[in-house]
Protein chains: 2
Amino acid sequence: MNRAATINDVAREAGVSRSAVSKVIRDAYGVSDEMRARVNAAIGRLDYRPRVAARAMRGVTDTLGIELPDIGNPFFDKVVTGAMAALSGTGCQLIVAPASAGAEEGLQALRTLADREVDGIVAISPLVAPTWLEDLSGRMPVVMLGRHDRSIGYDTVTGDDAEGTRLVMDHLLSLGHERIAHLTRSEEVTAPGSGTPHAVRLAVYEEHMRRRGLTASVVRTGRSEAEAREAVARLLGGPRRPTAIFAGNDTLALGALGAVGDAGLSTREISVVGYDDVEIASHPAISLTSVDQAGVEMGRRAVELLLSRRAGRTDAVHLAVMPVLRRRRSSGRRIGGHGELVDRSTDG
Amino acid sequence: MNRAATINDVAREAGVSRSAVSKVIRDAYGVSDEMRARVNAAIGRLDYRPRVAARAMRGVTDTLGIELPDIGNPFFDKVVTGAMAALSGTGCQLIVAPASAGAEEGLQALRTLADREVDGIVAISPLVAPTWLEDLSGRMPVVMLGRHDRSIGYDTVTGDDAEGTRLVMDHLLSLGHERIAHLTRSEEVTAPGSGTPHAVRLAVYEEHMRRRGLTASVVRTGRSEAEAREAVARLLGGPRRPTAIFAGNDTLALGALGAVGDAGLSTREISVVGYDDVEIASHPAISLTSVDQAGVEMGRRAVELLLSRRAGRTDAVHLAVMPVLRRRRSSGRRIGGHGELVDRSTDG
DNA sequence: CAATCATTGTGGATTGATCTACACATTGTT
DNA sequence: AACAATGTGTAGATCAATCCACAATGATTG
């Protein structure tokens, strides 16, 4: 493999010193207009690009990294889109590290970014230990996105999951639903006190059900639509079929929609509400009611926090973005009902 | 910001030389078991990780990069998934560079990867000049994914788009359709001879129509579902409404499905066929007939080609993956029809 | 006119890991 | 016993950029 031009080649071509070239490309103080022109001309002739690795040796990479727990979940596209928008214009580049499926989850991806000494990391995986992130944030700015920790070492950007869940529950309850099932991820991802979005949504769901004297019904599944579909199929085949399903995110909700269809039912009989408002949710063939937690905005804010850290900020900032409920055809007034009133009296 | 432990710290901690530590972490020849144990213990105590930047200075990063033209298109998730699968187990890490929207398209993202001296690049953006890629491939292995160039400098992995398009056209023609519109991207993306997937699909579509004596109808749009939806809405509102739409990819097909619904029609009246077989295509509420071009397989193959280049291969390899048509409910036998026979006689 | 200062360019040290060359010890062969 | 072969560890150069200290120059000022 050939080697690319180096700063030395440029210096020779322009007939000046390395240091002079370095000043020009960094736009540093102490360069005459004539020098700048000469060096830039040489850079153009040689098609020179500074090597990030060599810069990293001196402590800067002009790179931010985003770690994604699940490349297949379109919510994360929104976050990346927002992050890129916030970076356009700054000389900073963005790299994405997708987590490979497995026990390590996002840890491996975060290490990929840390090993490359990026100037800042947006972490999304819910399962990475706060202490680990705290350690990491001692070496480079970190923003945890989604999870409700309150570290002094790193910043967070979250949706207001309690408010989002309240929007969903108010919506379903006001439509007359009482048998509302909650479709969520494994116990690991919803561990009480972990502060993951799914943990908060589950806790607030249970609280709302309890306050109304209703029986909570929690269905666990993996992260994929297919797994959600199977889980909901079992739910619909069992006793005490719900009239509404609140899914922890839109991928799970799509699985629920599939299972409802498979069972020969429609969302007229069983309302389905999701979370994230991914793009496909608004498609007329899907028309999924969902909580829009402004993923693009979250990505943008996360990057802004990293940039402000780089500019010198040291105190931790914790932002919450307000969610909005997008009402669509997948949720409607309860029809039918099989002895709910009787059940209610025995429940409460 | 604190600095992480270096190889010098490990050497001091273990009471040996830098070189010895280097040998251990590279698993190089000339290390005794006792030395290995001592060094590994020190590495564990200090939580040491080698800095990729310092390694890059010597020519290796143990990193592959994928450039993605559109993070919102779920087809590319498949490619990334396949790439990650091929890399698991090897010590190599993967980073993703998403292209920011704009004129430069993927160029900027490819530069992001090149600047970081990755050990190999999977390029997907259709608009990057072959000569530019050729130059790049002189410095590091490159695989172009999707586009049908035949460079001697870099490898390619493509779907057989001619075969895929033939599958679609045979399918639609055998269902009795004659007014088949093709929904595709801008002229830039389908430039004849450019070898982009969209260019091949368009050319083969036109050839099939011509051979049958049918009038080709090409509708141009942007890359987003929303733009496709508007374009198809205009098509459906105009004269000579088609009975079938062949979309250049599933994102466009989803837009077409939306427009069909908006117009008060269903896929019983207007068949829609897509390309890529993204995950949502198989959802019962969508049930989109689509060409599965095995994106996971393509990603896996691309990475394997990069690894074999790194292992010393120098001759270019060009792979084609066979597509399969997934027939679903969005395509069916032509019903109705408004004077096709008359039109056909005047056309051919 | 000497002293001070700002401007512009240069040399050399520095960063962390790798790699070559070599030193030294041990083992095996004749 | 002499010598080769092998195994194990170390010193120092190297990679490409940055950054500090300083030199050379010209402008300004008491």
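The values are calculated or read from the model by the stated rules, or taken from the named source; none is laboratory data. Note that the structure is predicted; figures quoted are calculated from it, not measured. Neighbour counts are summed over all protein chains in view; Cβ atoms, including those assigned to glycine, are modelled from backbone coordinates with ideal geometry.
Just a few scattered comments:
- All positions within the range B:232-276 that are assigned to a helix (DSSP H, G or I), touching a Leu at 6+ places or on another chain (Cβ under 9 Å) and surrounded by fewer than 24 Cβ atoms within 10 Å (Cβ to Cβ): B:LEU235, B:LEU236, B:ASP262
- The single residue among A:GLU188, A:GLU207 that is closer than 25 Å to A:LEU145 by Cα, outside any loop (DSSP other than H, G, I, E, B) and acidic (Asp, Glu) turns out to be A:GLU207.
- One residue from A:VAL31, A:VAL52 being within 13 Å of DNA strand C (Cβ to nearest atom) and at pLDDT 95 or above: A:VAL52
- Candidates are the residues of the range A:84-101 that are in a loop (DSSP other than H, G, I, E, B) and touching a residue at least 60 places away in the same chain (Cβ under 8 Å); the one that is nearest to B:GLY89 (Cα to Cα) is A:CYS92.
- The range A:84-105, residues that are crowded, with 19+ Cβ neighbours inside 10 Å, within 9 Å of chain B (Cβ to nearest Cβ), more than 22 Å from B:ILE280 (Cβ to Cβ) and of a type in the set (A, V, I, L, M, F, W, C): A:MET84, A:LEU87, A:LEU94, A:ILE95, A:ALA97
- Candidate set: the range B:46-64, residues that are assigned to a helix (DSSP H, G or I) and closer than 18 Å to A:LEU110 by Cα; chosen: the one nearest to DNA strand D (Cβ to nearest atom): B:ALA53
- Boolean, A:ARG45 is closer than 22 Å to B:SER137 by Cβ and within 14 Å of another protein chain (Cβ to nearest Cβ): no
- Here A:GLY153 does not fit the description of being within 17 Å of A:VAL303 (Cβ to Cβ) and within 12 Å of chain B (Cβ to nearest Cβ).
- Filter pass, A:THR243 being at pLDDT 95 or above and in contact with a Lys or Arg (Cβ under 6 Å, 6 or more places away or on another chain): yes
- Residues (free of Cβ contacts under 8 Å to residues at least 60 places away in the same chain and either within 19 Å of A:ARG309 (Cα to Cα) or more than 9 Å from every other protein chain (Cβ to nearest Cβ) (or both)) located in the range A:67-83: A:GLU67, A:PRO69
- For the range A:60-74, a residue qualifies if it is surrounded by fewer than 21 Cβ atoms within 10 Å (Cβ to Cβ) and out of contact with any Lys or Arg (no Cβ under 9 Å at 6 or more places or on another chain), and exactly one does: A:VAL60.
- A:ARG3 vs. criteria charged (D, E, K, R), without any contact (Cβ under 8 Å) to a residue 40 or more places away in the chain, more than 30 Å from A:LEU127 (Cα to Cα) and within 8 Å of chain B (Cβ to nearest Cβ): yes
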